[in-house]
Amino acid sequence: MTTGNPMRRRTINGTSLSLTELGFGASVIGNLYRVTPDDDAAAAIVAAWDRGIRYFDTAPHYGLGLSERRLGATLADYPRQEYVVSSKVGRILVPNEHPTGADPEGFAVPDDLRRTWDFSRDGVLRSIEATLRRTGLDRLDIVYVHDPDDHWQQAAEQALPALADLRDQKVVGAIGAGMNQSEMLARFLRETAVDVVMLAGRYTLLDQSALHSVLPAATERGKCVVAAGVFNSGLLSRDRPAAGMKYDYERAPGELVERARRIAEICEDHGTTLPAAAIAFPLTHPAIVNVTLGMRSAQQVDRNTQLHGAQVPAALWDDLRAHDLISPLSPSGDASPA
């Protein structure tokens, strides 16, 4: 069994956990949008290990537990102390009394289970117990409250105190929140005991809104950020963006496609590519410790790790700012005042 190649790590402040700069997002191996065969999912995890990835993120939501089961089954072959796993709480899986045959939330799996929102203390404990059972793991390194957009009060007043107790008991290593928006994540950083947040799509080459919320909050409080969704649903995933590509799960507006093309041209001028820059860009901010990408196959793992390893010159960011294509920065790494 290969031990894999080393990849740079960054530590979550105030914890003993360090994450490889690139993380394996396991939503897609939960059959997101389409079926991924078991062998392909396992091969993707093995390829990630072989290329040095040691951070793996999953959730009960992903394929109604399928992602967690697949991830745990393959990671069982590797030394537990060498990798970090995060999962999430907030959606409890319960039997579905009225199945239709297909999950209604985008995963190509049977709907014999259904999700129910629950950010209560009891819900957190039951969710973690179920995740450990599905994965076969002895512990979770990081637990995030998952998409609490409409559940701030229960998540902040019940779920996170419960997670903080588990962290204090050393049952989990770090706690956090994962969302597709910036403002509430900034509140979690400033007002709760989170160590780290997972920010999806809000600090990318096309959207730096987190510079005015999440990232200054993390910097002020000495906390950390995991960046996800850095391709913005696909628009930044190709060397040359094209009409019809997705941006934040919808068809990309023409002006955004054109902006992505302009960024791609400047990347080429600097000897790099748009997707390589999309991965490298979040890691230029001192609060960001990891970029997590969804990877469905060994081929996608190969491509993403090659992109992460590509040389992206620092002068690129200055050039993009000079062309008003990304936000300016203050000396602290935060957004300059308008």
Practice item. Could you grab the pairs with beta carbons closer than 8 Å, sequence gap of 6+ or different chains, first residue in region 39-50 and in contact (Cβ under 8 Å) with a residue 12 or more places away in the chain, second one surrounded by fewer than 17 Cβ atoms within 10 Å (Cβ to Cβ) and of a type in the set (A, V, I, L, M)? Key: ALA42/ALA73
Check your understanding: Does region 40-63 contain at least one residue that is at pLDDT 95 or above and out of contact with any Ser or Thr (no Cβ under 9 Å at 6 or more places or on another chain)?
Key -> no
Exercise for review: Among the residues of region 159-171, write down those that are surrounded by fewer than 23 Cβ atoms within 10 Å (Cβ to Cβ) and either touching a Pro at 6+ places or on another chain (Cβ under 6 Å) or hydrophobic (A, V, I, L, M, F, W, C) (or both).
Suggested key: ALA162, ALA164, LEU166, VAL171
Revision key, fill the gap. The residue from LEU19, LEU93 that alone is in a strand (DSSP E or B), closer than 27 Å to ASP168 by Cα and within 18 Å of the chain's Cα centre (by Cα) is LEU19
Study note, to complete from the structure: Screening ASP112, ASP165 for residues that are at pLDDT 95 or above, of a type outside the set (A, V, I, L, M) and touching a helix residue (DSSP H, G or I) at 6+ places or on another chain (Cβ under 9 Å) leaves only ASP165
Review point. Quick one: in region 220-246, which of the residues that are farther than 15 Å from GLN181 by Cα and buried (at least 18 other Cβ atoms within 10 Å of the Cβ) is farthest from the chain's Cα centre (by Cα)?
Key: PRO241
Review point. Would you pick out the residues in region 229-260 that are under 20 Å from SER209 (Cβ atoms), part of a loop (DSSP other than H, G, I, E, B), among the aliphatic types (A, V, I, L, M) and free of Cβ contacts under 8 Å to residues at least 24 places away in the same chain?
Key: ALA252
Review point. Hey, among LEU316, LEU274, LEU320, LEU293, which residue is modelled with pLDDT of 95 or more, more than 27 Å from ALA48 (Cβ to Cβ) and surrounded by 14 or more Cβ atoms within 10 Å (Cβ to Cβ)?
Key: LEU320
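The values are calculated or read from the model by the stated rules, or taken from the named source; none is laboratory data. Computed from a predicted model, the values in this text were never measured in an experiment. Note that we place each Cβ from the backbone using ideal geometry, even for glycine, and neighbour counts take in every protein chain shown.
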